[in-house]
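A short write-up of the structure that comes next.
The values are calculated or read from the model by the stated rules, or taken from the named source; none is laboratory data. Predicted model, so just to flag it, every value in this text is computed and none were measured. For neighbour counting, all protein chains shown are included, and Cβ atoms are generated from backbone atoms with ideal geometry for every residue, glycine included. Just so you know, the surface numbers come from the protein's heavy atoms only, side chains and all, with ligands and any DNA or RNA stripped out. Shrake-Rupley method; radii C 1.70, N 1.55, O 1.52, S 1.80 Å.
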Amino acid sequence: NQAQAAVDAATVARKDARVLAPFDGKVTAKLADAGALAAPGTPLLTLEREGGYRVDLVVPEAYIQSVRTGQAVDVRIPSVGDLPIAGTIDVIVPSADQGSRTFVVQVGVSGTESLRSGMFARVPLIIGEQQTLRIPGSAVVRRGQLTGVFIVDEKNTARFRLIRIGRAYGDQVAVISGIKDGTRLVTAPSPELTNGSAVEPEK
């Protein structure tokens, strides 16, 4: 009986000597050498899964309601180029870090040969939507501390109108107040244009 028990124990130990990974991948770090004592819970290798990467985001609790699982996002990794990589929010960890009041959001990224584990990534998130009125930057006229545009009324007469502008979007600027959508503007007013001048609309 003692001999059989020894054989059974040796059989179990032999099975434990073979370590199988739960997924296909590559060994990226060797944490134990031949002859080293292996105890339960001691890491032996670091494996990197093949076929995809994951980006871990730290999202403040004020914005966590703006993200959802399955949401498509653009992942930007400066070290591999300027073009965004398609990603999908796979997991939103349900509990927040008590110290920083942030949540961890995991974004799955399609496999790319140029990606490596540990790279820095940026993922812009949409936290709200707002409609803005934009006009060509060339239409804005600055007179001292005043900012305005020349609108064109129903009689094709130019009228100077004060406006408040916001941030720039390329060759356009956002209008905060002063004009409404559908207002006709002089997109490139000349220095000679004055309030009350007649203008001829482009055909």
Hey, any hits in the stretch 73-80 for a residue that's free of Cβ contacts under 8 Å to residues at least 12 places away in the same chain, β-branched (Val, Ile, Thr) and in a helix (DSSP H, G or I)?
no
Quick check on this structure: which one of Gly35, Gly108 is under 27 Å from Phe23 (Cα atoms), among the small types (Gly, Ala, Ser) and out of contact with any Gly (no Cβ under 9 Å at 6 or more places or on another chain)?
Gly35
With the stretch 145-203 as the region, which strands (runs of 3 or more DSSP E) entirely inside it contain at least 3 residues that are under 22 Å from Thr132 (Cβ atoms)?
146-152, 164-169, 172-177
Of the residues Gly87, Gly70, Gly35, Gly41, which is at positive phi and either hydrophobic (A, V, I, L, M, F, W, C) or within 15 Å of the chain's Cα centre (by Cα) (or both)?
Gly70
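Confirm whether Gly118 is at pLDDT 90 or above and either open to solvent by 30 Å² or more (accessible area, probe 1.4 Å) or not acidic (Asp, Glu) (or both).
no
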Determine the pairs where a residue that is within 16 Å of Val105 (Cβ to Cβ), located within the stretch 118-146, has a partner that is surrounded by 10 or more Cβ atoms within 10 Å (Cβ to Cβ) and among the charged types (D, E, K, R) with Cβ atoms under 8 Å apart, the partner being 6 or more residues away or on another chain.
Ala121/Arg76; Arg122/Arg76; Val123/Asp74; Val123/Arg76; Pro124/Asp74; Pro124/Arg76
Go through the stretch 183-199 and give me each residue that's open to solvent by 40 Å² or more (accessible area, probe 1.4 Å), within 16 Å of Pro136 (Cβ to Cβ) and not aliphatic (A, V, I, L, M).
Thr183, Arg184, Thr187, Ser190
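Please work out which residue is farthest from Gly52 (Cα to Cα), limiting yourself to the stretch 14-28 and to residues that are hydrophobic (A, V, I, L, M, F, W, C) and at pLDDT 75 or above.
First, pick out the residues of the stretch 14-28 that are hydrophobic (A, V, I, L, M, F, W, C): 17, 19-21, 23, 27.
Next cut, at pLDDT 75 or above only: 19-21, 23, 27.
Working: Val19: 23, Leu20: 20, Ala21: 16, Phe23: 12, Val27: 15 Å.
Of everything passing the filter in the stretch 14-28, Val19 is farthest from Gly52 (Cα to Cα).
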